[in-house]
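Novice: Pasting a structure below so you can have a look.
Computed from the coordinates by the stated procedures, all read-outs in this text should not be read as laboratory data. None of the values given here were measured: they were computed from a predicted structure. We place every Cβ from the backbone using ideal geometry, glycine too, and count neighbours over all the protein chains shown.
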Amino acid sequence: MIFDRQQRLQETLPVRSRCLARIRNFFIENGYLEVDTPVCIPAPLPEPHINAPRAACGYLQPSPEACMKQLLAAGFSKLFQICKCFRESERGSRHLPEFTLLEWYGTGHSHEDLMHTCELMLEAVLRDVSATSRICYQSKNIDFTRPWPRLTVSDAFARFAKEDMAAALSNGRFDEHMGLSIEPCLGLEQPVFLYDYPSATSPLASPRPDNPEIARRFELYIGGIEICNGCTELKDPAAQEQRFKEELDSRRRAGLPESPFPRQFLETLQLMPAAAGCALGIDRLLMLLTDSKTIDEVVAFTPETL
């Protein structure tokens, strides 16, 4: 078993190195500043289903969002970084408690701009790694030719789930339908953007001006796998504070771990310009590029091998 894993890494780790280099070059060539923010932070941002691990210095970051938005507020307009992030109780064929994340932000950008950047970036990566616009992932032939289709969350529920989005939200089954009925059907022939998420499931995203119940947020799916999550950022401190309080109250009622209230982050929002940001899972992208069934095949070490 150890030999088989080492042999597989001989195939996947060189692809990982080339992929990271191409991503980094793409953003630098397009005027983004690469930044390096602290991994240990005093207060993670309260989000559903995400638990930041405790550490002697505070918390290990579940994402670099809090610090990167401080840099946006300080006047840096186009930022990216590739970093390690951490989440408790996340282990499976597509999950690791420590994983690699690409995150980028642009002042004056929207979630629509982020979708376009995703297309261009992944097109560049694919061209460099495989010299083609197609991949074969777990016997599925996926065509990356632009433009990629877009599907609203509401339409996805109508097409793939047994009840509509509003009903799933009201009875607490939204995530269940997403994970079991909808996600496995997405991006099987071409990458697809799923957009117009409910605001109730998008605590850091800005609502649509014409319908505040819907957030200006999207996720990208390829081969039934969620690859990235992006949005036009919420920059209203009062609205963000209310959402954080609701999430912390929900955690308290459920007996989940609580963290300090991120007061400094709310102060940052008062200075932050309009912006959009996106987070992309590098390890999952490598699974697709190397036709790997599990995330273990594309990382040099797993928790069990240390």
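Novice: If you place +1 on the Cβ of every Lys and Arg and -1 on the Cβ of every Asp and Glu, how big does the dipole about the Cα centre of the chain come out, in debye to the nearest 20?
Specialist: 340
Novice: In which sequence would Leu269, Leu306, Leu169 go, from the one with the fewest C-beta neighbours within 10 Å to the one with the most?
Specialist: Least to most surrounded, the residues fall as Leu306, Leu169, Leu269.
Novice: Rounded to the nearest Å, what's the spacing between the alpha carbon centres of region 107-166 and region 258-277? Just the number, please.
Specialist: Distance between centres, Cα-based: 29 Å.
Novice: Take region 1-105, compute every pairwise Cα distance, and split them into 5 Å bins from 0; I just need the percent in each bin.
Specialist: Going out from 0 Å in 5 Å bins, region 1-105 shows 2, 11, 17, 19, 18, 15, 12, 5, 2, 1, 0 percent.
Novice: While we're looking at this one, here's another question. Can you give the % of DSSP beta bridges in the chain that are antiparallel, to the nearest 5?
Specialist: The antiparallel proportion sits near 90 percent.
Novice: Can you tell me which lysines have their Cα less than 23 Å from the Cα of Lys69? Leave out same-chain residues fewer than eight positions away.
Specialist: Lys78, Lys84, Lys235, Lys245
Novice: While we're here: From the phi of every residue in region 238-244, what ³J(HN,Hα) in whole Hz does the Karplus formula 6.51 cos²θ - 1.76 cosθ + 1.60 yield, where θ is phi - 60° and glycine or proline is x?
Specialist: For region 238-244, the Karplus curve yields 5, 5, 5, 4, 4, 5, 5 Hz.
Novice: Sticking with this one: For region 204-259, with equal point scatterers placed on the C-alpha atoms only and solvent neglected, what are the log10 I(q)/I(0) values from the Debye formula at q = 0.21 1/Å, to two decimals?
Specialist: Computed log10 I(q)/I(0) values: -0.91.
Novice: Related question: Using a 10 Å cut-off around each Cβ, can you sort Ser133, Ser199 from fewest to most neighbouring Cβ atoms?
Specialist: Ranked by crowding around the Cβ, least crowded first: Ser133, Ser199.
Novice: Would you mind checking which residues have amide H under 5 Å from Tyr137's amide H? H placed 1.01 Å from N; only 5 or more apart, or other chain.
Specialist: Ile142
Novice: Ordered by residue, what ³J(HN,Hα) values in Hz, to whole numbers, does region 36-51 give under the Karplus form 6.51 cos²θ - 1.76 cosθ + 1.60, where θ = phi - 60° and Gly and Pro are x?
Specialist: With the stated coefficients, region 36-51 comes to 9, 10, x, 7, 9, 10, x, 8, x, 7, x, 9, x, 6, 10, 10 Hz.
Novice: Now, a different point. Compute the distance from the alpha-carbon center of region 213-234 to that of region 27-78, in whole Å.
Specialist: 18
Novice: Kindly identify region 190-301 as rounded, prolate or oblate by the Cα gyration tensor criterion: order the square roots of the eigenvalues as a ≥ b ≥ c, call it rounded if a/c is under 1.5, otherwise compare a/b with b/c, prolate if a/b is larger, else oblate. Don't skip to the answer; put the middle values down first.
Specialist: Details: a/c = 2.10, a/b = 1.55, b/c = 1.35.
Verdict is prolate for region 190-301.
Novice: Right, something else. Read phi for every residue in region 13-19 and hand back ³J(HN,Hα) as whole Hz from Karplus 6.51 cos²θ - 1.76 cosθ + 1.60, θ = phi - 60°, with x for Gly and Pro.
Specialist: Taking θ as phi minus 60°, the curve returns 5, x, 5, 4, 4, 5, 4 Hz for region 13-19.
Novice: So how many Å³ per residue does the convex hull of the Cα atoms of the chain work out to?
Specialist: Each residue corresponds to 139 Å³ of Cα convex hull volume.
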